[in-house]
1. Condition test on R125, is it within 30 Å of V313 (Cβ to Cβ), in the same structural domain as T210 (by TED's automatic domain parsing) and among the charged types (D, E, K, R)?
2. Among the residues that make up the stretch 196-218, is at least one of them out of contact with any helix residue (DSSP H, G or I) (no Cβ under 8 Å at 6 or more places or on another chain), more than 26 Å from T115 (Cβ to Cβ) and not in a strand (DSSP E or B)?
3. From the list I289, I256, I296, which one is closer than 17 Å to G353 by Cα, hydrophobic (A, V, I, L, M, F, W, C), surrounded by 15 or more Cβ atoms within 10 Å (Cβ to Cβ) and more than 35 Å from the chain's Cα centre (by Cα)?
4. Among all residue pairs at least 6 apart or on different chains, which show Cβ distances below 8 Å where the first residue, located in the stretch 79-93, is closer than 18 Å to D61 by Cβ and the second is at pLDDT 85 or above and among the basic types (K, R)?
5. If I go through the stretch 229-275 residue by residue, how many of them are farther than 13 Å from L319 by Cβ and aromatic (F, W, Y)?
Amino acid sequence: MKPGFGHVIVDRKILVLVAAVLILNTALAGFNLNILYKHFADINEEEEGEAVVPKQVMVEDIVEYNKRLAQDLGVQGRTSVKEKLATFCYELDLAEDSADLARLLFTRGRQVQETILKEWDALLREEILKLVDRDKNLQRQPGKIQFTLQVSSENGVLADPPVLHEDSLEKIWDHYQEGSIAQERIFRIEVEEGRSRMLMPYNPLDYVQTLSEELDSLRVSMHELRTTAGLAEMSGPGVLIKLYDNQNGYAVGDLIHDTDVRDVINELFAAGAKGVAVGGERLVATSPIRCVGPVIRVNQKEITANPVLIEAVGDPEVLASGLDIIRFSLEFHRDFRVEVERKENIVLPQYRG
C-alpha cells in the first residue's frame, strides 16, 4: 500500500500510450467475444456420440459468475444490478437453441457486467464523498476547495493539493482494494461549506473508455439492424415452403405465378416472420418479384420453379398456422401442391443486390 500526499503529474505521452493500450484491449475483448459467440453457436447436444457440456450448465455458470462479481464488488443490492440479472436469467431460460444462447451471452452478458462495474464505480464515488465530508483537515478550512484525487494500485492514493488527512486516504484506499479492479481512477472534487461533490471526470482515459463502450454498443445495434434489413445473414427456426405447379394442367393458370408467391410471403410476414428468402434470394424492402414469360425473377434473378422454394425464419408453428388459408385456396381452387415443413434451423443468405 502506498497512500500519501503528492501531486498528479499528467504526462501527455503516457496518456496517449495508455489510451492506445485501452483501445487495443477493447478490440481484443470484442474479438474474443466474437470467437465465443461462434463457438457457442456451433454447440449441439451431442457430438459424435460424446456428450458435451449441457446448455443449462453453461447458463448456470455464466449467471453464477455475474452474481459473484456483483457480490464481490458490493453492488448486489443495487436496483439496476438486480433488474439486469433478473432479465438476463429470464432471457437465458427462454433461449430456444445454441445460436440464441450465444447471442444473449454476447450482447446481454456484457451489458450485465457493464452495469455491475458502473454501479461499483458509483459506489466508490459515494464512499469517497462521505469520507471527504468527514475529513479532519477539510473541516477546519473555510471557503471553496477544489482538489484532484488519484487512486491507483501502483501509487496508492494521492491528493493534489495535499488537503486530505492521512486517515481519509487510508480509508479510500481500503474501498478501492475491495473492488479488486486494478484500474487507475482520477476524481476532481469540490468542497464548500462542509459538502463535497464530484466535478466533471478529470481523467481523459474515462472519456476514452466511455467512447469505446458506446462504439461497441453501436456495432451490436448495427449488426442487428443489418440482419433485420436483410443485409446480413439470418438464422433460426422457421419453415420451408415448396410450391408446385398443377401437374395435370397445361394452361397459364396452372403455373405458379409471382402473385402467388407474393401472397404466401405476405401471409408469412403477417404471421411474424423475421426474414424471408425466395429461391435462395433474400428479400428486402425493395425486392421485386415478377414473372418474365414462363419464369419467376426475384431481385432481378431467375429462380428455380416447380417447386418454388420459400424459406422463412420465425416461430415454426405460428408461421405454418398462418399459411392455412392461402394453402387451402391454392390447393382447392387451383389444384397446386403446397408443402410446409417446420425446421429447427434455417439460414437465410444476405441480400446480394
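The values are calculated or read from the model by the stated rules, or taken from the named source; none is laboratory data. Every value quoted in this text rests on a predicted model; they were computed, and no experiment measured them. Cβ atoms come from the backbone with ideal geometry, glycine included; neighbour counts cover every protein chain shown.
1. On the way: within 30 Å of V313 (Cβ to Cβ): no; in the same structural domain as T210 (by TED's automatic domain parsing): yes; among the charged types (D, E, K, R): yes.
The answer is no for R125.
2. no
3. Details: I289 fails: more than 35 Å from the chain's Cα centre (by Cα); I256 fails: closer than 17 Å to G353 by Cα.
Result of the check over I289, I256, I296: I296.
4. L85/K67
5. The initial filter retains those residues of the stretch 229-275 that are farther than 13 Å from L319 by Cβ, namely 229-235, 242-263.
Now restrict to residues that are aromatic (F, W, Y): 244, 250.
Matching residues across the stretch 229-275 total 2.
Conditions (1) touching a Lys or Arg at 6+ places or on another chain (Cβ under 6 Å); (2) at pLDDT 85 or above; (3) under 18 Å from V75 (Cβ atoms), marked per residue:
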position: T115; (1), (2), (3): yes, yes, yes
position: V132; (1), (2), (3): no, yes, no
position: N137; (1), (2), (3): no, yes, no
position: G143; (1), (2), (3): no, no, no
position: Q146; (1), (2), (3): no, yes, no
position: P162; (1), (2), (3): no, yes, no
